[in-house]
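*Asks:* My questions will all concern the structure given below.
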DNA sequence: GTCAAACTACGATAGTTCTCGTACAATGGA
DNA sequence: TCCATTGTACGAGAACTATCGTAGTTTGAC
């Protein structure tokens, strides 16, 4: 038990040592999820699910957040009716130094490149 | 046409600018394929498909190499009866600086960590 | 207690993926 | 020419994925 539950509703997260590279890469290999992770990294803080304006339904959004959580990429905590999402940057940086930043850089590179024709 | 065909049998590859981050991450998010890429990176040279002793059948191996090729991760060329595979490190490093090395480092970290209990 | 907001659960569908086995094709040597 | 090596094509099955819609739960405010 690292942190006290913020709500009666707890969500299962992999412990740091249970996070697997393949699962992380898989979680990041989807348009929507990469977009979520980029926004979380850019903001640097916790964001609610509803903050993201994704072109899919709410239930699909729920699905993508669960994939990210189960892979160990984000940490989710209920705060009232909202479910807050935070990047597990500390855990990822410890396990896979430089990986998250490299992926974020790569995503930025690519979107810049595609934008400039 | 960058390089002359080594054989009458040519294989389709994405051009550098057609390589997509999500496809690369997806290609790398599989046990077998990550293993292939790690061996290619460690060897530094071209290796034939048969060089890899993967715990799957030949047709499955063919499948994985095709996924890697179509994502732009490896370049495949026929040389006699052998099909040689080389990492497209130059292209990947140009498009996504540091990404490949970060993934390879992460894989090395993880396998070391799992080996040491 | 009622209500709206936020999110989940479940069932369904269409598409993709990983895997195999069998049969086939191309190459290079004996 | 015949053969061994190497890899492909095709068909198929089981599992997974992304997506949706509908119906439900939890919470906080009124």
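The values are calculated or read from the model by the stated rules, or taken from the named source; none is laboratory data. Computed from a predicted model, the values in this text were never measured in an experiment. Please note: Cβ atoms are built from the backbone with ideal geometry, for glycine as well, and neighbour counts cover all protein chains shown.
*Asks:* Just checking, which of B:114, B:25 is under 28 Å from residue A:92 (Cβ atoms) and modelled with pLDDT of 95 or more? Explain how you work it out, then say what you get.
*Replies:* Working: B:114 fails: modelled with pLDDT of 95 or more.
It is B:25.
*Asks:* Within the set of pairs 6+ apart or on separate chains, which have a first residue in the stretch B:47-75 that is within 14 Å of chain A (Cβ to nearest Cβ), a second that is within 8 Å of DNA strand C (Cβ to nearest atom), and C-beta atoms under 6 Å apart?
*Replies:* Partner pairs satisfying both residue conditions: B:64/B:32; B:64/B:33; B:68/B:33.
*Asks:* Next question. Please state which of the following conditions residue A:107 fails to meet, knowing it meets all the rest: (1) more than 14 Å from chain B (Cβ to nearest Cβ); (2) at pLDDT 95 or above.
*Replies:* (1)
*Asks:* Within the stretch B:30-49, how many residues turn out to be within 12 Å of DNA strand C (Cβ to nearest atom) and surrounded by fewer than 16 Cβ atoms within 10 Å (Cβ to Cβ)? Spell out how you get there, then give the answer.
*Replies:* Quick first cut of the stretch B:30-49, residues within 12 Å of DNA strand C (Cβ to nearest atom) only: B:30-36.
Filter again for surrounded by fewer than 16 Cβ atoms within 10 Å (Cβ to Cβ), leaving B:31.
Final tally of qualifying residues: 1.
*Asks:* Looking at the stretch A:45-68, which of its residues are under 25 Å from residue A:22 (Cα atoms), more than 8 Å from DNA strand D (Cβ to nearest atom) and out of contact with any helix residue (DSSP H, G or I) (no Cβ under 9 Å at 6 or more places or on another chain)?
*Replies:* A:66
*Asks:* Limited to the stretch A:8-30, what total is found for residues that are part of a loop (DSSP other than H, G, I, E, B) and within 11 Å of another protein chain (Cβ to nearest Cβ)?
*Replies:* In the first step, residues of the stretch A:8-30 are kept if they are part of a loop (DSSP other than H, G, I, E, B); the result is A:8-15, A:19-20, A:29-30.
Cutting the leftovers down to within 11 Å of another protein chain (Cβ to nearest Cβ) gives us A:19-20, A:29-30.
So the answer is 4.
*Asks:* Oh, and also: When residue B:97 is evaluated against the numbered criteria (1) touching a residue at least 12 places away in the same chain (Cβ under 8 Å); (2) part of a loop (DSSP other than H, G, I, E, B); (3) under 25 Å from residue A:25 (Cα atoms), which criterion, by number, is the only one it fails?
*Replies:* Status for residue B:97: all satisfied but (1).
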